[in-house]
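First up is the structure itself, then whatever we jot down about it.
The values are calculated or read from the model by the stated rules, or taken from the named source; none is laboratory data. These numbers were taken from a predicted model, which means no experiment stands behind them. Every residue, glycine among them, receives a Cβ derived from its backbone with ideal geometry; neighbour counts consider all protein chains shown.
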Amino acid sequence: MRLQKYLADAGLASRRAAEELIRAGRVAVNGEIVIRLGTQVNPEADRVTLDGKVVRAKRRLYVALNKPRGYLCTKADPQGRRTVGQLLPHEWSNLYPVGRLDRDTEGLLFLTNDGEFCLRLTHPRYGVRKTYLAEIEGRAPADLVKRLTQGVTDEGDNLKAETAGVLDSSKTRSLVRLTLREGKYHEVRRLFTSLGIAVLALRRTEIGPIKLGELPLGKWRVLTTDEVKRLLRD
């Protein structure tokens, strides 16, 4: 990998700040000062130092969590509210959420210490699919699927589902599954609200090819190497 990425992955600095460290002649690879950006290093074989001190790459970790309602997707909250970090082992305090689920939404959430992985799954240009189950108030209108997939404009944002389907419907409540790609702020709730429909409960069940499955509420599991590769390919 590139030397500046190695330094960033080790948690020493951002990618840009790592480039400045290299230009300043403070970084050495196998005992030789390196000032050329883009220099390739082998994390398994090369010895990288900063100001003479060995730099060790952190183990990259990818965790899937079934987030309960009432938890914030942040590492810490100044108001003392519950956060998803409290559901993980203390030694994983360096993990951060990949994207967000609002406080009242539950379901599949990834946490990692890999910035590239986070970018790949959250940036709109990659369009990673995210599937939700929404419990809505009342019987689903006959044209609901059409309206969800045609989309609406709300506060300047175009909100729409890529696919949608009504799984169950009664006079009091209905269950709708929908898949989106862009992941705008509170997009699912805003989409339904713009259509005049109240959301009673919302759960994310899939991100790309990874499903929530039987993971209990509030519990986590480590993603396999194959799952990470599949996510990055999706």
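For this structure, a couple of remarks:
- Within the span defined as the stretch 108-122, every residue fails to be closer than 21 Å to residue 223 by Cβ, outside the structural domain of residue 226 (by TED's automatic domain parsing), modelled with pLDDT of 95 or more and not in a helix (DSSP H, G or I).
- Screening the candidates 206, 214, 182 for the property of being among the acidic types (Asp, Glu), in contact (Cβ under 8 Å) with a residue 40 or more places away in the chain and farther than 27 Å from residue 139 by Cα yields one hit, 182.
- Matching option when the condition is within 18 Å of the chain's Cα centre (by Cα) and surrounded by 20 or more Cβ atoms within 10 Å (Cβ to Cβ), among 105, 83, 74: 105
- Within the stretch 1-57, the only residue that satisfies the criterion of being acidic (Asp, Glu), assigned to a loop (DSSP other than H, G, I, E, B) and surrounded by 12 or more Cβ atoms within 10 Å (Cβ to Cβ) is 46.
- Any hit, the stretch 112-129, residues being more than 20 Å from residue 63 (Cβ to Cβ) and among the β-branched types (Val, Ile, Thr): no
- Residue within the stretch 138-147 that is modelled with pLDDT under 95 and more than 26 Å from residue 234 (Cα to Cα) present: no
- Single residue of the stretch 86-95 satisfying the filter (without any contact (Cβ under 8 Å) to a residue 24 or more places away in the chain and surrounded by 11 or more Cβ atoms within 10 Å (Cβ to Cβ)) that is farthest from residue 58 (Cα to Cα): 86
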